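> Below you will find the structure I want to go over with you.
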Amino acid sequence: MDSLRKGLYHLAHTKTKKEQNEIHEKRWAIVSLASIPLIMTLGNSMLIPVLPLLEKELDISKLQSSYVITVYSLVAIFLIPIAGFLSDRFGRKIVIIPSLILAGIGGFISGYAAWKMDDPFMWILIGRILQGIGVSGTAPIVLPLVGDMFRREKDVSATLGLVETSNTFGKVLSPILGSALAAVVWYLPFFSIPIFCLISALLVLLLVKKPPNDKKGPPLKTFWKNTKEAFHKHGGWLTAVFSIGIILMFILFGVLFYLSSILEDNYDIKGIKKGIYLAGPLAALCLSSYITGKIIKDNLVKMKWITFFGILVSGAAVIAVQFSEQFVYLLIVFLICGIGIGVGLPCLDAMITESISKGVRGTITCIYSSARYIGVAAGPPVIALLMEQDRIWMVAVLGGSAVIAAILAFRTIKPEAGEQPPAKSVFVKFNKE
């Protein structure tokens, strides 16, 4: 009997130790997955500082140059949910690797057109559309894949924090890297995209293993039924999380657009120097996302309240813009805003990934990623219009958006423990098969 007890104790202890070392064992797989949002962010955001140069080289208007960013985002908004279904049905890696290759081909087409063609603008847009199709099946699929990889939910939360940090670090690096590459040859940022995509595809192919017990997802009819049931069961808090994600990205990109404009118009700061200043709020966001991913573990209640207070901090920072235009003051305010947004994003990722069953996890997280693109697309043009009016209107819209997001987080997201079926406003931790 004693030997049996010792054997059972040894088995349980070995299993616990194995679970505790799971992140360490899969560290290179985590690096591979974290490279995807980094590269996808670079592939889009680093073109922003190149647009004025592109206008001069191709003799096009500012509106036309904005299409280089717009077509990429619009395609991703519509195709990300489809990619989510395909990843649930056929597997995450089967979707991610071809998508990375397609994104690289799109970047190569844009770069080659800019290099060799006399009138390359349309082909640049075609390449960007292909890149948008590719990105639809890459970064958004990382979230459910992380959820599939680990036994312990706190490992999922910690890894999602790293993924969100990688995504944000891409935003920090983008304006600096884009300006540096364009200083060599203006179309070089396009050619960098296929190189980055090839590296990431090889990393995922070689280092990310298929999760254990990974079963083929349901057919379309069953999948649609399961998705509707997921929204019926979780609709209230899912809608709130989607809306909060849209608002946070709307505030972030609206603030970045405003800061970029005033740095150039009011303080005559341009080029790489401007990119470094723009990287400040994003660096604060990056660091706060990383720390939050470590703190929240699998605590759903903690996720709610960190999200709530993060939104309040970002909203207060936006309102503080109204009180002064002093350069240092504004930089500090936007750093605080970045921190507020940064603590919220990994919590939103973890809420979805840890509360939705695997069968529809890919699609739900992809719909969420698609929703965030709406905020990215809406922020700059809305702020551009509001900047033509008194500044109070911009502050009111951004601050009011933060208030709405905070109310949604406070009233609609109600985490509870237990096995009972959750109400629409309640989310519980999903127990893995």
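The values are calculated or read from the model by the stated rules, or taken from the named source; none is laboratory data. Please read all numbers here as calculations on a predicted model, not as lab measurements. Glycine also receives a Cβ, built like all others from the backbone with ideal geometry; neighbour counts cover every protein chain displayed. The protein model used for the area step is the full one, side chains on, heavy atoms only, and it has no ligands, DNA or RNA in it. Shrake-Rupley method; radii C 1.70, N 1.55, O 1.52, S 1.80 Å.
> As a test of reading the structure, rank E57, E264, E354 by solvent-accessible area (1.4 Å probe, protein chains only), most first.
From most exposed to least exposed: E57, E264, E354.
> Taking the 0 to 90 degree range and rounding to the nearest ten, how far is the long axis of helix 327-355 tilted relative to the main principal axis of the chain, both from C-alpha atoms?
30
> Based only on Cα atoms, what Rg/Rh ratio does region 170-302 have, Rh being taken as Kirkwood's radius?
With Rh from the inverse mean 1/r over Cα pairs, Rg/Rh is 1.08.
> Using Cα pairs under 8 angstrom and six or more residues apart, how large is the relative contact order of region 261-395, in percent?
Relative contact order of region 261-395: 28 percent.
> If you don't mind, another one. Counting only residues 5 or more places away or on other chains, whose amide H sits under 5 Å from the amide H of G91 once H atoms are built in the peptide plane?
Distant-sequence amide H within range of G91: G217.
> I need two numbers for region 44-83: Rg to one decimal and Dmax as a whole number, Cα atoms only, in Å.
Values for region 44-83 (Cα only, Rg and Dmax): 12.1, 37 Å.
> Using Cα-Cα distances under 8 Å and only pairs 6 or more residues apart, what relative contact order does the chain have, in percent?
Here the relative contact order equals 24 percent.
> Hey, what's the Kirkwood Rh for the chain if you take every pair of different alpha carbons, in angstrom?
Value: 22.3 Å, from the Cα pair sum.
> Shifting gears a bit: Once you've got the Cα coordinates, tell me which of K26/K93; K171/K273; K228/K304; K26/K297 are over 22 Å apart.
In this structure, K228/K304 exceed 22 Å between Cα atoms.
> Can you put D390, D155, D268 in order of accessible area, largest first, using a 1.4 Å probe?
I get D268, D390, D155, largest accessible area first.
> Report the equivalent ellipsoid semi-axes for region 65-106 in whole Å, largest first, defined as the square roots of five times the eigenvalues of the gyration tensor built from alpha carbon atoms.
Taking √(5λ) for each Cα gyration eigenvalue gives 23, 13, 4 Å.
> How much solvent-accessible surface does K273 expose, in Å² to the nearest 10, with a 1.4 Å probe and all protein chains in place?
Approximately 120 Å² of K273 is accessible to the 1.4 Å probe.
> Could you work out how far helix 220-265 tilts from the main Cα principal axis of the chain, as a 0 to 90 degree angle to the nearest 10?
Between the helix axis and the principal axis of the chain, the angle is about 30 degrees.
> Label D118 and I272 with points 7 Å out from Cα along Cα→Cβ: what is the distance between them in nm?
Computed distance between label sites D118 and I272 equals 3.6 nm.
> Okay, next question. Rounded to the nearest percent, how much of the accessible area of the chain (1.4 Å probe, protein heavy atoms only) is carbon and sulfur?
68
> Another question, then. Between helix 358-387 and the chain, what is the angle of the helix's C-alpha long axis to the longest principal axis, kept within 0 to 90° and rounded to the nearest 10?
That works out to roughly 20 degrees.
> Could you please tell me the mean projected area of the C-alpha convex hull for region 289-415, averaged over all directions and given in square nanometres to one decimal?
8.4
> How large is the accessible surface per residue of the chain, computed with a 1.4 Å probe and reported in Å² as a whole number?
45
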